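Notes follow the structure.
The values are calculated or read from the model by the stated rules, or taken from the named source; none is laboratory data. Since the structure is predicted, the reported quantities are computational estimates derived from the model, not experimental observations. All Cβ positions, glycine included, derive from the backbone under ideal geometry; neighbour counts span all protein chains shown. Only protein heavy atoms, including side chains, enter the accessible area calculation; ligands, DNA and RNA are left aside. Shrake-Rupley method; radii C 1.70, N 1.55, O 1.52, S 1.80 Å.
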Protein chains: 2
Amino acid sequence: MRISHSLSLAALLAACLPCALAADKPAFNHGDLAAANSLREHALTDDTSFRLIESLTTEVGPRPAGSAGDKAAVAWAVREMRRQGFANVRTLDVIVPHWVRGEAEFAVISPWPQLMPTLALGGSIGTPPEGVEAEAVMVKDLAALAALPPGTVKDKIVYFSNRMERTRDGSGYGRAVVVRANGPADAAALGATGVVIRSVSTSNNRLPHTGATRYKADVPRIPAFAISNPDADALERQFASGKPVRLRLKSSSRELPTEHSADVIGEIPGTDRANEIVILAAHLDSWDPGVGAIDDGAGVGIMMGAAKLISGLDVKPRRTIRVVLFANEEFGTSGSQLYAGSEQAEPARHVLGLEADFGAGPVWRLTSRVNPAQLPVVEQIFRALAPLKLERGNNEAAGGADLDGLGKLGMAILSPDLDGTNYFDVHHTANDTLLQVDPAALRQSTAAYAMSAWLAAQYPGDWQRVETPKAPKR
Amino acid sequence: MRISHSLSLAALLAACLPCALAADKPAFNHGDLAAANSLREHALTDDTSFRLIESLTTEVGPRPAGSAGDKAAVAWAVREMRRQGFANVRTLDVIVPHWVRGEAEFAVISPWPQLMPTLALGGSIGTPPEGVEAEAVMVKDLAALAALPPGTVKDKIVYFSNRMERTRDGSGYGRAVVVRANGPADAAALGATGVVIRSVSTSNNRLPHTGATRYKADVPRIPAFAISNPDADALERQFASGKPVRLRLKSSSRELPTEHSADVIGEIPGTDRANEIVILAAHLDSWDPGVGAIDDGAGVGIMMGAAKLISGLDVKPRRTIRVVLFANEEFGTSGSQLYAGSEQAEPARHVLGLEADFGAGPVWRLTSRVNPAQLPVVEQIFRALAPLKLERGNNEAAGGADLDGLGKLGMAILSPDLDGTNYFDVHHTANDTLLQVDPAALRQSTAAYAMSAWLAAQYPGDWQRVETPKAPKR
C-alpha cells in the first residue's frame, strides 16, 4: 500500500514521541533558559518592534519593488540596523522588476451602471485608454472555468466569484489564491479578453485586494483586476438578474525597466559557534495600496526587535543571529532567491531559520521542520515558551516564501505561528496601516521569536539538515 | 432666576409624571394593540425592508443630488411604491444643487513624501490643475484655530486634528461635525489657502469620510478635504517630527447648473381621520463614495417596509400614513425644506412625524417631542413596544434633518432611536454598502417603526401641536 508523505511522517511522529520524551535529556543549561525568560520579560514591556513599524510606515510608507519607496526602505533599514547596534550591517544588491500600478477603473455598463473601486492585480498589463469592454461570464474558480463548454469565454471578460474562507493558519488563503495567480492565464488561454476576481480577502470593507498574478509564456497577457467583497456581492446580484452583464475595464498599469534594490543584513555575532547562522527573515518591500504595516512591517519590527533584545542580554549567543530583510517578496521573491544562491550570503552556514510574514500576531502555535531526531529539542523550546500560551504544532512547517530557497537546501525551520484569523481583512489592501497593529500582540510575538531564536542559537548539539523538506504550503 | 428651557421641561416632566401615570387611561383599544402585536410578529420575519435596500443599492447605487443616480432613484422609488401597493404615489419637483466630486489627491511633500487617499468635502471648490501647495498648520478644532496669533495660517493649509467620539446616540458626531461644516470658512477668513480635516468618523479603516461643508458669502472659498483616521495619525506623526509639513492638495470638484429631483410620496389612506397625516420620512439621495445602504437606504427600507406591513393589516389606519422619501438631504435638505413650505404637500395636515436616517438599527430607545399633555399616550406606545426591548428616552427628540421644517410648524415627533454605536464607522464613506446592513437589526427596526406609526395613526385623541419645539440637535 502506498502511503502519502504526510501520513508516513505522522506515523513516524507517533512512533517517535514516546521514545523522544523518554530520551528527553535537558538540551539547554540553566543560564540559557534564564536568559530566555529574561527575553520574554523584556519583550512584553518593550516597544522597539512597534516603534520600528511606526517609523517605517511613517517615514517610508508604501515600498513596492523598484519604486522610490523601495530604495527609501533599504536606506531606512541600513540606518535603523546601525542605530540598533547590529554588527556587519550590509546590503546584497538585487535586481527587481518595476511594475507600476497606475490608475484603474471598473464599470458595470449593464444591466445597472455602477462604478466600483478596483485594483489591478500585481503585474497585470494595462488596457488601451478607452478600456476593454465585453460581456462577462461568471465562474466560481479554475475548475469551473475549465469545465465550461469550449468557446464560452471567447472575447469575454471572466469573473471569478469564489470567496476565501477565514482560518487561523492561512489555509483559506492558500486555497483561494490560485485564482489570482493562475486565473488570468487560464482565462486568456480560452480566449478571454480580461479577468476580474473577487478579492482574495475575508473583509467586508470596500477595499479591493491586490497581489501578484502569473502570466504564462505561451498565452496572451490580458488585464486582470480585483473588486472588494461587497462589490463582488453587488456584481453577482447583477448576474442574478438574468440579464447580460457588460463590463468595462481600464488600467494604466505598466512594466518599467528593472531597478536595483537590496536585501539588508545585520547580525548579532555568535561566539564559539559563530560560523553557524540562525536567520531571522522578513521582507522589506510591500504592496502599494497600504503602507505595509502588517505585510511586512510587522515582520521587520518583530525580527529587528527580537534581535535587539538578544543583543541586550548579558551573554552573547553561541551561533550568529542574522536578520535579513529581503527585497521584493511580493512580486517574485527576487531577494530571497538571489540570497539562497549567492556565495556572498553564505547559504551553507545557515543551520536554522525563522520567518515572520503573517502580521503582528499573537503567536498561537509553534511548528517546526527539523530532522525528526531533533524533535525533543523543539519540545524543550516549546516548553520554555509555555508562559506565552502556545499550542504545539506539527513538524511540517512551511517556513515562509522567503525561506523557501534555504529550506530546499535542508535548513531546519522553527516557526512561531502568527495568528492569521484577521490577517486577510487587511493584507494587500489600503487598510494595511499602523492602526491594524495590536501593540500587545506584537510584544507577545516578539517574545516568542526572540526566545525561539535565542534557544536555537544556544542548542549545544548540531542542527541537522532536514533530508526531505516538503514544498512550502504558501 | 432664569432657568433654561431644558431645565424647565425636565421640571415639568417630573411634576407631571405621577399625575400622568394616575391619569393613564388606556389610549388604545384591544384591536389596535392586537394589530400592533401582529405588526411586530410579521416584521420580525419579513424581509421587505432588506430587499428594498438591496434593490436600491444594486439597481441605482450612489445617488448624490443632481446626478444620474439621483434621477434613477426617483424613478426607482415611484416604481417600488406602486409595486408595494401604496396609494397616491406621486412626486414633488425639487430643484437641487449639482456638485460633482471629480478626482482628489492629497500629498505630503515633506518631511516624508506620502500620498494618502482623500475625499473632497461636499461642496468644496476644486483646485488649479497643479494643485495648491503650502506649509500646513495643525490645530485641533475651531476654538484652537480662533486662538492662534493673527497671521498664523495666512497662505497656509489648515489641518484639523480632532477625532470624533463613539456614542450610541450620535452626539459624538454632533460635536465633531462643526469642523467639517465651518472649518473651511473659518480658516479662509484667516487667510488660509486650503483645509484638511481628520474624517468625522469612528472607523480605523483607510476610507475617508465626506459630507457637506458650508462656505460663507463674505469669505473666499478654499478647497477642503478629509483624510481617514489612520492617515490622520500618520500625518500627525509627520508634524511630531518637528519639521515643517508641506502639503499639496488637488481636486477637480466643481459645481454644475442645478438639476431637477423630486420628493417621492406614497400613502396608506386613512379612514375616519384620513385628513390627518402621520409622516414616515427618509431620504432618497446619498453621498457618492458608497452606495447609500445605511445612509439612507436603510431609512427608505424601514419606512417602506413599515408602511407595507401596515397596509397588510386586516384593519385600515384611522389617520393617513404617508411615506415621503426626500430629495437631497445631504447637501442642503432641499427636498424637505421645499415640502414644509409647499401647499401641495399640505404641511398643516401633518400631525405627527417619524424619521429614519441613522442606519439599520436596532432601535434601542423611544424618544418623543409631543405636547407634554400627551406623554401618557407615548408611555402607552412605549409599553406596546416592550417586547422589542427599548429604553424610554426623553421628550426632546430632534426628529431628524428632514423633519426640521415640519417640526418648526409644531408637528409632534415620535422617534424610535436607531443604535448609532457603529454607524459612523461607515457613514459617508465608500464602506456604506449592503454588507453593513444587519438583516436582524433591520427587522427589529422595521417592527418598532411600524408599531409606532400604527399606534400614532390610531390614537383616538388629537395629536396636539408642540408649542415651543427645540431646535433639532443634529
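So here's what we get for this one:
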| item | result |
| --- | --- |
| Some residue of the stretch A:120-129 being buried (at least 18 other Cβ atoms within 10 Å of the Cβ), assigned to a helix (DSSP H, G or I) and at pLDDT 95 or above | no |
| Residues satisfying the stated conditions in the stretch B:39-59, i.e. among the β-branched types (Val, Ile, Thr) and more than 14 Å from B:Leu442 (Cα to Cα) | B:Thr57, B:Thr58 |
| Pair list, Cβ under 6 Å, 6 or more apart: the stretch B:379-393 residue of a type in the set (Asp, Glu), other residue open to solvent by 20 Å² or more (accessible area, probe 1.4 Å) | B:Glu391/B:Arg365 |
| Residue count, the stretch B:225-238 (criterion: more than 8 Å from chain A (Cβ to nearest Cβ) and of a type in the set (D, E, K, R)) | 1 |
| The stretch B:173-202 residues that are among the acidic types (Asp, Glu), paired with ones that are open to solvent by 10 Å² or more (accessible area, probe 1.4 Å) (beta carbon under 6 Å, 6 or more apart) | B:Asp186/B:Leu142 |
| Matching option when the condition is among the small types (Gly, Ala, Ser) and within 18 Å of A:Ala345 (Cβ to Cβ), among A:Ala307, A:Ala298, A:Ala293 | A:Ala307 |
| B:Ala440 vs. criteria within 29 Å of B:Pro62 (Cα to Cα), more than 20 Å from the chain's Cα centre (by Cα) and of a type in the set (A, V, I, L, M) | yes |
| Some residue of the stretch A:328-341 being under 24 Å from A:Thr258 (Cβ atoms) and of a type in the set (A, V, I, L, M) | yes |
| Within the stretch A:73-91, considering residues that are over 26 Å from A:Arg319 (Cα atoms) and touching a helix residue (DSSP H, G or I) at 6+ places or on another chain (Cβ under 8 Å), the one surrounded by the fewest Cβ atoms within 10 Å (Cβ to Cβ) | A:Trp76 |
| Which listed residue, of A:Val96, A:Val100, is in contact with a helix residue (DSSP H, G or I) (Cβ under 6 Å, 6 or more places away or on another chain) and in contact (Cβ under 8 Å) with a residue 12 or more places away in the chain | A:Val96 |
| Matching residues in the stretch A:424-451 - criterion: being on the phi < 0 side of the Ramachandran plot, within 14 Å of chain B (Cβ to nearest Cβ) and not acidic (Asp, Glu) | A:Val426, A:His427, A:Thr429, A:Ala430, A:Asn431, A:Thr433, A:Leu434, A:Leu435, A:Gln436, A:Val437, A:Pro439 |
| Selection count, the stretch A:138-155, where residues are touching a residue at least 24 places away in the same chain (Cβ under 8 Å) and crowded, with 16+ Cβ neighbours inside 10 Å | 5 |
| From the options A:Tyr423, A:Tyr459, residue that is in contact with a strand residue (DSSP E or B) (Cβ under 9 Å, 6 or more places away or on another chain) and of a type in the set (Ser, Thr, Tyr) | A:Tyr459 |
| Residue in the stretch B:182-198 that is open to solvent by less than 10 Å² (accessible area, probe 1.4 Å), in a loop (DSSP other than H, G, I, E, B) and either closer than 14 Å to B:His428 by Cβ or within 14 Å of chain A (Cβ to nearest Cβ) (or both) present | no |
| Residue, nearest to A:Ile277 (Cα to Cα), within the stretch A:398-452, restricted to residues that are among the acidic types (Asp, Glu) and in contact with a Pro (Cβ under 9 Å, 6 or more places away or on another chain) | A:Asp404 |
| From the options A:Arg168, A:Arg163, A:Arg175, residue that is among the charged types (D, E, K, R), within 14 Å of another protein chain (Cβ to nearest Cβ) and more than 27 Å from A:Leu256 (Cβ to Cβ) | A:Arg163 |
| Residue list for the stretch B:191-211, restricted to those being out of contact with any strand residue (DSSP E or B) (no Cβ under 8 Å at 6 or more places or on another chain) and hydrophobic (A, V, I, L, M, F, W, C) | B:Leu207 |
| Residue, nearest to the other protein chains (Cβ to nearest Cβ), within the stretch A:401-423, restricted to residues that are of a type in the set (Gly, Ala, Ser) and not in a loop (DSSP other than H, G, I, E, B) | A:Ala401 |
| Subset of the stretch B:21-71 [touching a strand residue (DSSP E or B) at 6+ places or on another chain (Cβ under 7 Å) and either more than 14 Å from every other protein chain (Cβ to nearest Cβ) or among the small types (Gly, Ala, Ser) (or both)] | B:Gly61, B:Ala65, B:Gly66 |
| The stretch B:424-435, residues that are assigned to a helix (DSSP H, G or I) and either crowded, with 24+ Cβ neighbours inside 10 Å or over 17 Å from the mean Cα position of the chain (by Cα) (or both) | B:Phe424, B:Leu434, B:Leu435 |
| Residue in the stretch A:213-224 that is among the polar types (S, T, N, Q) and more than 11 Å from every other protein chain (Cβ to nearest Cβ) present | yes |
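Results for (1) within 14 Å of chain A (Cβ to nearest Cβ); (2) closer than 25 Å to A:Ala430 by Cα; (3) over 33 Å from the mean Cα position of the chain (by Cα); (4) among the aliphatic types (A, V, I, L, M), shown as yes or no for each residue.
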position	(1), (2), (3), (4)
B:Phe106	yes, yes, no, no
B:Pro129	no, no, yes, no
B:Glu133	no, yes, yes, no
B:Val137	no, no, no, yes
B:Ala143	no, no, no, yes
B:Ala147	no, no, no, yes
B:Thr152	no, no, yes, no
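To keep it simple, each residue is scored yes or no on (1) open to solvent by less than 10 Å² (accessible area, probe 1.4 Å); (2) of a type in the set (Lys, Arg); (3) under 21 Å from A:Leu92 (Cα atoms).
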site	(1), (2), (3)
A:Asp231	yes, no, no
A:Ala240	no, no, no
A:Pro244	no, no, no
A:Leu249	yes, no, no
A:Thr258	no, no, yes
A:Asp263	yes, no, yes
A:Thr271	no, no, no
A:Ala274	no, no, yes
A:Ala282	yes, no, yes
